[in-house]
Amino acid sequence: MAALALSRPVAVVGTGTMGQGIAQVAVAAGHPVRLYDAAPGRAREAVDGVAARLGRLVEKGRLTAGERDAAVGRLTAVGDLSGLADCGLVVEAVLEDAPVKRDLFAALEKHVADDCLLATNTSSLSVTEIAGALRVPGRFVGLHFFNPAPLMPLVEVVSGFATDPGAADLAHATALAWGKTPVRCSDTPGFVVNRVARPFYAEALRVTEERVADPATVDAVLRESGGFRMGPFELTDLIGQDVNEAVTRSVWEAFFHDPKFTPSLVQHRLVQAGRLGRKSGQGWFPYGPGAAKPSPRTEAPCRAPAEITVTGDLGPASALPGLLREAGVAVRAADPAAGQAAGQHTDGAGPGSDGYAGAGEDGWSADDAPWGWIGLPGGTRLLPVDGMSSEARGGPSIAFDLALDYRACTRVALAPSATADEADVSAAVGLFQKAGKEVSVIGDAPGMIVARTVVQLVDFALDAAARGVATEEDIDTAMKLGVNYPAGPGEWARRLGGAWVFAVLDQLNTEYPGGRYAPSRALSRYAAASGTGR
Ligand SMILES: NC(=O)c1ccc[n+]([C@@H]2O[C@H](COP(=O)([O-])OP(=O)(O)OC[C@H]3O[C@@H](n4cnc5c(N)ncnc54)[C@H](O)[C@@H]3O)[C@@H](O)[C@H]2O)c1
């Protein structure tokens with residue numbers, strides 16, 4: 001499908017933050033662009049605003065003065081909707097209110113031709129609902145740009161119930177021609193990004209509510225271990241707690257209060273208190289003159305044990321024994337049958353491969369540590385996070401959290417059980433420090449911080465894909481470009497294995513009954529197709 005011809009004018013209705021950004025994108029691509037806003041004088045101001053931003057691009061050497069002048073020459077402010085009659089595409093970016101948008105499109109249809117593509121930039125309303133008032137609803141799509149539109153590559157192309165495939169194709173091809181990376185999705189609450197991203201905020205809020213770790217530590221662990229560009233607390237302070245909470249609420253309401261999307265009481269209280277984030281000078285963290293951001297909990301240097309014994313393959317942390325060996329720790333592999341050390345660790349016993357973790361002398365079984373463990377000198381087991389709290393597991397243990405890449409990560413979180421030997425906690429801290437990591441010791445929480453977030457993101461993504469919201473590939477693209485995730489949920493699932501993701505989420509579901517962590521059918525199928533995991 002060809003993109004909209006550059007000769008066809010594009011209209012932008014509503015010339016606030018998003019409208020101006022979208023107008024800049026369309027005019028830079030080469031279209032004549034007409035701007036309309038209900039507030040008198042605002043469209044004219046928007047033309048000046050776009051011209052000024054194009055001017056800054058000239059200063060930065062990204063645009064020539066000639067290109068800027070030509071683009072500014074293609075921008076026109078119009079005083080009423082009749083000035084949009086010759087447009088081939090109208091992108092609406094007025095305030096987020098369904099009746100206002102419906103009335104606007106009903107009025108617009110009286111002026112534009114029947115082949116004019118109509119698009120809304122809504123971020124949370126139903127495209128189907130807005131199109132409900134139209135005479136020709138087949139030409140209506142969602143064209144969801146991200147802020148700032150000239151810089152953010154992602155555009156969600158949303159098909160409502162009535163959208164003709166040809167209209168979605170034209171919108172997709174046009175966004176592509178404008179230099180964007182469009183992904184197609186169906187009309188679902190939150191579309192792709194705002195639907196799939198909910199657990200990123202929700203899990204951090206829950207961990208903090210349960211006093212497992214403070215916000216600065218949660219942020220640091222997700223950044224430095226999980227590989228996320230920003231932690232959820234600093235990010236929502238930037239977005240605005242009110243804005244983030246409103247999105248969460250609207251998605252939850254649109255899903256008829258599905259427990260998977262339940263908003264957070266603590267975030268609600270923050271909003272009620274007026275602690276909206278950077279814009280109000282205080283959110284999770286203080287801002288303004290002299291304000292210092294709290295530091296994450298970071299352990300003081302500890303001594304690493306000279307030797308450790310590894311039983312099993314450690315699942316997603318299978319690179320760890322090699323790393324520790326490189327750091328100078330003697331790593332021995334246990335003989336599962338004899339329950340004692342038996343020479344160097346050899347790779348190969350992956351999840352799903354064998355029965356290495358048979359019941360040991362201390363009564364531990366494969367169910368207590370399905371992905372193996374590191375034996376510490378005092379008898380405490382150091383194991384990769386698996387969704388079980390240390391309390392539920394019983395026996396002295398220390399869980400360590402998931403990292404996107406154990407080699408590259410700079411921080412690891414540890415959760416000791418109440419019964420863990422104190423000297424072994426120091427030894428575990430020292431072990432990771434010896435491998436060059438900062439360590440945060442946190443409370444005993446099933447799924448810790450990174451793992452619980454990632455398994456929920458994977459589940460939400462697979463569920464969305466199974467329901468036809470978007471392809472797995474487009475969901476990965478959307479999460480990487482829309483919210484800067486270091487890997488898409490599909491990529492994470494392939495890395496971790498469906499069986500591991502399922503097992504961790506299933507365990508969380510046992511620890512927190514109520515539906516929030518119930519694995520989706522899509523994840524069960526994915527796990528079944530990728531092996532049993534033990
Ligand atoms: N700001 C964001 O980060 C962001 C990101 C993606 C999508 N969106 C969506 O884009 C839309 C616009 O958001 P914004 O942040 O640019 O808002 P904004 O408040 O900056 O601008 C809205 C503009 O619409 C005008 N307007 C209001 N009613 C109108 C009408 N009936 N006809 C013509 N103009 C009208 C207002 O005068 C104002 O200039 C919303 O639907 C929002 O959900 C916003």
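The values are calculated or read from the model by the stated rules, or taken from the named source; none is laboratory data. Just so it is clear, the structure is predicted and the values come from calculations on it, not from any experiment. When we count neighbours, we look across all protein chains shown, and the Cβ atoms used for this are built from the backbone with ideal geometry, even at glycine.
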Looking at the structure I just gave you, is residue 80 surrounded by fewer than 13 Cβ atoms within 10 Å (Cβ to Cβ) and in contact with a Phe, Trp or Tyr (Cβ under 8 Å, 6 or more places away or on another chain)?
yes
Being outside any loop (DSSP other than H, G, I, E, B), free of Cβ contacts under 8 Å to residues at least 60 places away in the same chain and surrounded by fewer than 24 Cβ atoms within 10 Å (Cβ to Cβ) is the filter here, so list the residues in segment 140-159 that pass it.
159
What are the residues in segment 376-410 that are surrounded by fewer than 23 Cβ atoms within 10 Å (Cβ to Cβ) and more than 31 Å from the chain's Cα centre (by Cα), if any?
377, 378, 379, 394, 395, 396
Can you tell me which residue in segment 1-17 is farthest from residue 106 (Cα to Cα), limited to those that are surrounded by fewer than 24 Cβ atoms within 10 Å (Cβ to Cβ) and within 11 Å of the ligand (Cβ to nearest atom)?
17
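Table: residues versus (1) surrounded by fewer than 22 Cβ atoms within 10 Å (Cβ to Cβ); (2) without any contact (Cβ under 8 Å) to a residue 60 or more places away in the chain.
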residue: 420; (1), (2): no, yes
residue: 423; (1), (2): yes, yes
residue: 451; (1), (2): no, no
residue: 470; (1), (2): no, no
residue: 476; (1), (2): no, yes
residue: 479; (1), (2): no, no
If I go through segment 231-259 residue by residue, how many of them are within 16 Å of the ligand (Cβ to nearest atom) and either in a loop (DSSP other than H, G, I, E, B) or at positive phi (or both)?
1
Being more than 29 Å from residue 408 (Cα to Cα) and part of a helix (DSSP H, G or I) is true for just one of 465, 527. Which residue is that?
465
Subset of segment 317-335, residues part of a loop (DSSP other than H, G, I, E, B) and surrounded by fewer than 18 Cβ atoms within 10 Å (Cβ to Cβ), comes to 319, 327, 328
Residues being in contact with a Ser or Thr (Cβ under 7 Å, 6 or more places away or on another chain) and of a type in the set (S, T, N, Q): count how many of those fall in segment 223-261.
2
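Condition check ((1) free of Cβ contacts under 8 Å to residues at least 12 places away in the same chain; (2) more than 15 Å from the ligand (Cβ to nearest atom); (3) in a helix (DSSP H, G or I)) across all residues:
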site	(1), (2), (3)
31	no, yes, no
38	no, no, no
44	no, no, yes
49	no, no, yes
70	yes, yes, yes
91	no, no, no
94	no, no, no
All positions within segment 170-204 that are of a type in the set (D, E, K, R), over 21 Å from residue 455 (Cβ atoms) and buried (at least 21 other Cβ atoms within 10 Å of the Cβ):
180, 187
Can you tell me how many residues in segment 418-457 are within 18 Å of residue 231 (Cβ to Cβ) and of a type in the set (Ser, Thr, Tyr)?
2
Name every residue in segment 166-186 that is part of a helix (DSSP H, G or I) and among the charged types (D, E, K, R), in order of residue number.
169
Can you work out which of the residues in segment 100-136 that are among the β-branched types (Val, Ile, Thr) and within 11 Å of the ligand (Cβ to nearest atom) is nearest to residue 247 (Cα to Cα)?
122
Checking 279, 293 in turn, the sole residue that is outside any loop (DSSP other than H, G, I, E, B) and of a type in the set (Lys, Arg) turns out to be 279
Is it the case, given these coordinates, that residue 111 is surrounded by 19 or more Cβ atoms within 10 Å (Cβ to Cβ) and of a type outside the set (Val, Ile, Thr)?
no
Whether any residue in segment 164-184 is at positive phi and at pLDDT 95 or above is what I want to check.
yes
